[in-house]
Structure formats: C-alpha cells, structure tokens
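K.L.:
This is the structure I have questions about; it appears just below.
The values are calculated or read from the model by the stated rules, or taken from the named source; none is laboratory data. Because the structure is predicted, anything quoted here is derived from the model rather than measured. Positions of Cβ are generated from backbone atoms using ideal geometry, with glycine treated the same way; all protein chains shown enter the neighbour counts.
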Amino acid sequence: MTTASDRKTLSTSGYHFIDEDHFDRLLLGKPDRGAARDVIAKSLAKVPLEPEETAVLLRADDPDLIEEIFAAARQLKRDVYGNRIVLFAPLYVGSYCRNDCLYCAFRSSNRDVVRHTLSPEELTAQVETLQRHGHKRLILVFGEHPAYNPEFIADCVRRVYATRVGHGEIRRVNINAAPLDHPGFRIVKEAGIGTYQVFQETYHRATYGAMHAPESSKGDYLWRLDSPARAIESECDDVGIGALFGLYDWRFEILSLVAHSRHLQKHYGVGPHTISFPRLRPALGVRIDDTYTVSDDDFKRVVAILRLAVPYTGMILTARETAEVRREVMAFGVSQIDAGSRIELAGYTAAEKVQQIEKEQFELGDLRSLDEVMRELILDGYVPSFCTACYRAGRTGEHFMEFAIPGFIQSLCTPNALTTLQEYLCDYGSDETRAAGAQLIEKELNHLPEDPRKQELQQRLQRIRQSNQRDLYF
C-alpha cells in the first residue's frame, strides 16, 4: 500500500526503525540485579545506552535497586549539568489546527475551544510582557495548520528577536510546530531558530493510528517520525523529540525515545538536543481512557531512566506538572523547565489571573510566577540560568558533547549561568529573590578556583550590578 510519506521526500534515514516486537520481548524479560548495576556503571561513565540496556533498568522491580537508579540519575545530572536549571517560557501563536488528535483541545472537531492567531502587534505585546518579567528564552508553539507555514513561522521568529524593552531581549527562540519538508526547515533555520521540536506523541503505531485520523496530515506516522532527521539534514543545529505519556505503556515509550536518539546519533553523529516527556493533562472536551495513566512514582522512574540512557541530552520538565511533582523529580535529571507560563492565546497580557480552559490546549499544573519559581530554585540550591552562550558561540549539535566534559561546567556553564542570574536579580527580581540570589552567587563563587577566569567573572558580575552592561558571556 502506498502511504502519504512515500509521496514525500523523506530523509536519507527515513524508515521505520521502531521495532515493536523486539521492545515487547525486552520488557518481558526477567529482572537482573547484576545486569542493572552494570548498566548503571555504563551510564555513570557517560556512555549512551542502547534500548536493550535501557530495558534492563525498566525491568528492575526491587525497591532498593530502583533507589540505586534514582541515586545514579542524580549523580549523572550533577556530573553533566552541575546544579543549573535553564528556564524558558512557552508562547502560543495560533490555535487553528487541521488535525483531530483525540487528546488535544485544539483538535479540529472541538467547537468549544476559542480559535485565534496572534497578530503581529499581539505577538509583540506578548513578547514585551515576557521581557518585563525577565525571560530570555522562548518556545513558540503553533497549531498544525496551513496558515502556520515556514514563512509565517520565520516572520514570527524575526519579530520576537527584534522586540526589546529596557534591558529585555529574547536571545533564543525555539519552535514547536508541524513537521516540515527540507525547504521548510531551511526557511525557519535562516530566521535564526534554536531547537525545532516535533513530538511523536506515541511511538506505538496502533495507538498512533487510533489517536490520529489516517486522512489527516498527522496521520502519517513515518513522516512525523522522520521529521527530526529532515531538520538535521536541513542544517537545523538542534532538534527536540518527545512522547506524550499516558497514551501507551510508558516503558515502551522510553525504549522508543532511546531508539530514536540512537537512530539520529547513528546516521548524523548527533542525537536530539532535548527530550520532553509530558504527561496527559485535562483539556476542554477531551476524554481519554486512563489505562496507561502514569503514576507519580512511575513518572519519577521515567525521568531517572531517561537521564541514565541519554547522558548528554537536555531533559525538559514543563508546567503541565504540579509544583510539588516538579520539585521532587527535578533532581533526577531535568535540565530545563518553563516558569511563569500562560498557554492561552494572548495569555501573558490578559487581565485574568486564572486559567481560561477554553483558550488552552490543556490545563497547566504549575501557575507560579517566574519570580516564585526562581526563588524556590535558588533556595533549593539550583542556579537558575537564562544562558544562551553555547548556541551563539557555536557549541551546538554534535559539538556540544565535545564540551560536556569535566571542567566545562566549571569554566563556562557556571560562570555564564551566574551572569544571567545576576541580570535577572538586578532587573526583575523581587527583594526576597534578590537577597537569596546574592547569597547563592557568593556561595557558587566560593566553589570556583582562584584563577583568571574567576577574576573576570567577578568583574563581569560587578559591571552588571553597577552599569547597563548585559549579555556578558564566556
């Protein structure tokens, strides 16, 4: 049978590489404590795992061994990323969609949701509001609709970068949008995008087919699966993959995410820049069978095992989760979170402070302001970071792993995180957050060796505090 993807230009690696039968057999294997500890040791050596090795961790059923997995994930996160947490905000640009995904409030058949596309003026207003709160990194989110074509996405990206308020500026714009063809990816790349995210939603083909109308643009499983590869072939430096947990067995989705990461590494020398693992949330007009609901305990395992499987890949934990859950799982391997998020169209300038479910794709679990989240991170010993230095210095894609070695965090990541934190404290932080942040910066400085790099960092922090100089990065 000829599929839609057969009539499109796939990547050079465009084939079905998710071996469902093999994954099912892996998950039926018996727990093996010795093998699990061998796999953990490989992870701590910062060697990416294969699906077969990841399955060994997934089969672990002994509480003590599961705690060892959690402990290893904590250690690996500290070794690769230190105690930094990168912050960003989502900005929904348009809610029109031609797909009819059963789990999404924006699906085409939902007549109760409000449809809107931000005008150029509205987009500017949203960005200005985000800048006034201190954001430096955004992800623009688009429904899958012909109106949101590559040219439209590129125009939005350029407008975001051109918007400035006071010391505010957006230094990195990521994209979450429909899969594109090679020319489309090149158009958005030329606009200066950061990461291009395309989530598979579920890697299980029967479930994918049940959730997405076959005749819709999203009904083509392979076209979507192949999207990150096409982006890489079109010179997009970073791609993001993800699955929506709750549609199918969470263990199968983990194996598939690992297989996808290994597939990209095999063919292009670089895996995904980020992996996302959102859980299903309530949404207007959505009713999904709870057969595959992921409990909080299993969600902790999702985060920890993914961290061990993909040592150098950024892991994104969103405000879908409650503040309590986010705080608990943060240590298991998360490197990026959103904060102060509003996902209604034009939500950042809205007068209402409560969620407007008729304007949202799903309900959020964490509605705290950016400043509240920043303060909690600081008090918990994390360094909140808005750093974008690696991207602008060319440390992206396959080059990142070359830098993610001992000494890199100390010499580059921590100093750059501290300067962006100092910017936030000076320009946007509340009195309480400023006081806590000042103590954290002093503590972090005390951990750094006495060398010219530390002296230069101290001078930069002083210049930020005493002048209008900003964006001082190594």
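K.L.:
Looking only at region 433-474, count every residue that is part of a helix (DSSP H, G or I) and within 19 Å of residue 413 (Cβ to Cβ) and tell me the total.
P.N.:
20
K.L.:
Would you pick out the residues in region 187-204 that are assigned to a helix (DSSP H, G or I) and in contact (Cβ under 8 Å) with a residue 40 or more places away in the chain?
P.N.:
The answer is 188, 189.
K.L.:
Which one of 61, 38, 21, 100 is over 26 Å from the mean Cα position of the chain (by Cα) and assigned to a loop (DSSP other than H, G, I, E, B)?
P.N.:
After applying the criteria, what remains is 61.
K.L.:
Here's another thing I want to ask about it. Quick one: would you say residue 173 is over 27 Å from residue 15 (Cα atoms), under 19 Å from the mean Cα position of the chain (by Cα) and either assigned to a helix (DSSP H, G or I) or among the aliphatic types (A, V, I, L, M) (or both)?
P.N.:
It is true that residue 173 is over 27 Å from residue 15 (Cα atoms), under 19 Å from the mean Cα position of the chain (by Cα) and either assigned to a helix (DSSP H, G or I) or among the aliphatic types (A, V, I, L, M) (or both).
K.L.:
Further question: Among the candidates 129, 207, which residue alone is without any contact (Cβ under 8 Å) to a residue 60 or more places away in the chain and among the polar types (S, T, N, Q)?
P.N.:
Sole residue among the options that is without any contact (Cβ under 8 Å) to a residue 60 or more places away in the chain and among the polar types (S, T, N, Q): 207.
K.L.:
Tell me which residues, restricted to region 252-285, are of a type outside the set (Gly, Ala, Ser) and in contact with a Lys or Arg (Cβ under 8 Å, 6 or more places away or on another chain).
P.N.:
Across region 252-285, the qualifying residues are 278, 279, 281.
K.L.:
Restricting attention to region 20-38, which residues are aromatic (Phe, Trp, Tyr) and within 20 Å of residue 63 (Cβ to Cβ)?
P.N.:
none
K.L.:
For region 356-382, enumerate the residues that are within 19 Å of residue 127 (Cα to Cα), surrounded by fewer than 22 Cβ atoms within 10 Å (Cβ to Cβ) and of a type outside the set (Asp, Glu).
P.N.:
Correct list: 367, 368, 369.
K.L.:
Just to be sure I understand, how many residues within region 28-39 are of a type outside the set (D, E, K, R), over 23 Å from residue 264 (Cα atoms) and either touching a helix residue (DSSP H, G or I) at 6+ places or on another chain (Cβ under 7 Å) or in the same structural domain as residue 208 (by TED's automatic domain parsing) (or both)?
P.N.:
The number of residues fulfilling the criteria is 3.
K.L.:
Please determine whether any residue of region 337-355 is surrounded by fewer than 22 Cβ atoms within 10 Å (Cβ to Cβ), over 17 Å from the mean Cα position of the chain (by Cα), basic (Lys, Arg) and more than 16 Å from residue 136 (Cα to Cα).
P.N.:
Checked against the condition, which is being surrounded by fewer than 22 Cβ atoms within 10 Å (Cβ to Cβ), over 17 Å from the mean Cα position of the chain (by Cα), basic (Lys, Arg) and more than 16 Å from residue 136 (Cα to Cα), region 337-355 yields at least one hit.
K.L.:
Are any of the residues in region 286-297 out of contact with any Cys (no Cβ under 7 Å at 6 or more places or on another chain) and part of a helix (DSSP H, G or I)?
P.N.:
yes
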